[in-house]
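Participant: For reference, the structure I am asking about is given below.
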Amino acid sequence: MECAIGDPITDETLQEMKEYKGKSITLKERARVALKMKSSRQVQLRKLVEKLKEQAGGVGGTVCLIYNATGDDLNLITSRDWSGQFGFAPYPPIIENGQWGFFFHEKEGNSSIGAVVYRGKTAAGEERDWMQAWRNQKPNKVIFNWN
């Protein structure tokens, strides 16, 4: 299963836009455009969320959604499962700029507890790690964790 949706926002994407034609494109510009486009991708995301609810069936767990508006790729560095495991949608190894990454963490017993760490770049081009963690102790429920 593809665990990232949306067309990546790249230099080529910006060069097709009137305001960026013939200009030098930086990480900041790519990030700015990705952030502006986040809300325009809500319809696509809502369809995905409904599909994930159906696929989860009666299995409880946590659906995590991560939007990348850093201007560069986010790369999965590590993950930790304290209770539960990734289900039918695994952790995406790469979330490109302008994409939603998603995964389903299936509960074990009555809980879904875990974390993922992604590495990307700051506006200054320095590498940084970002962590998303969740603790869901609601049996037989699918909880959505947005970032």
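The values are calculated or read from the model by the stated rules, or taken from the named source; none is laboratory data. Nothing here was measured: the structure is a model prediction, and the numbers come from that model. A quick note on method: Cβ atoms are made from the backbone with ideal geometry, for glycine too, and the neighbour counts reach across all protein chains shown. The area values use the complete protein model at the heavy-atom level, side chains included, leaving out ligands, DNA and RNA. Shrake-Rupley method; radii C 1.70, N 1.55, O 1.52, S 1.80 Å.
Participant: How big is region 1-55 along each principal axis, measuring the range of its Cα positions in Å and listing the largest first?
Facilitator: 45, 20, 17
Participant: Of Lys47, Lys28, Lys107, which has the largest mean-square fluctuation in a 10 Å C-alpha GNM of the chain?
Facilitator: Of the options given, Lys47 has the highest mean-square fluctuation.
Participant: In the structure shown, do any of Lys28/Lys107; Lys47/Lys138; Lys21/Lys51; Lys21/Lys121; Lys38/Lys107; Lys47/Lys121 have a Cα-Cα gap over 27 Å, and if so which?
Facilitator: Over 27 Å apart, Cα to Cα: Lys28/Lys107; Lys21/Lys51; Lys38/Lys107; Lys47/Lys121.
Participant: I would also like to ask the following. Once every DSSP H run of n ≥ 4 in the chain is given -39500 (n - 2.57) and the sum is divided by its residues, what mean residue ellipticity at 222 nm do you get, rounded to the nearest 500 deg cm²/dmol?
Facilitator: Result for the chain, helices only: -6500 deg cm²/dmol.
Participant: Thr26 label point, 7 Å along Cα→Cβ, cut-off 19 Å on backbone N: hits in region 44-75?
Facilitator: 69-73
Participant: Using DSSP, restrict attention to beta bridges with both residues in the chain and report what percent are antiparallel, rounded to the nearest 5.
Facilitator: 85 percent
Participant: If you line up the long axis of helix 27-37 against the longest principal axis of the chain, both from Cα atoms, how many degrees apart are they, to the nearest 10?
Facilitator: The answer is roughly 60 degrees.
Participant: Order the following by accessible area, largest value first: Ile95, Ile5. Probe radius 1.4 Å; ligands, DNA and RNA are ignored.
Facilitator: Reading off the accessible areas and sorting them downward yields Ile5, Ile95.
Participant: Using a Förster distance of 22 angstrom, determine the FRET efficiency expected from the C-beta separation of Ser40 and Lys18, and round it to 0.05.
Facilitator: 0.80
Participant: Let me ask something else about it. Under 1.5 on a/c is rounded, so check that first for region 1-117, then, if it is not, pick prolate when a/b is larger than b/c and oblate when it is not; a ≥ b ≥ c are the square roots of the alpha carbon gyration tensor eigenvalues.
Facilitator: In terms of gyration-tensor shape, prolate.
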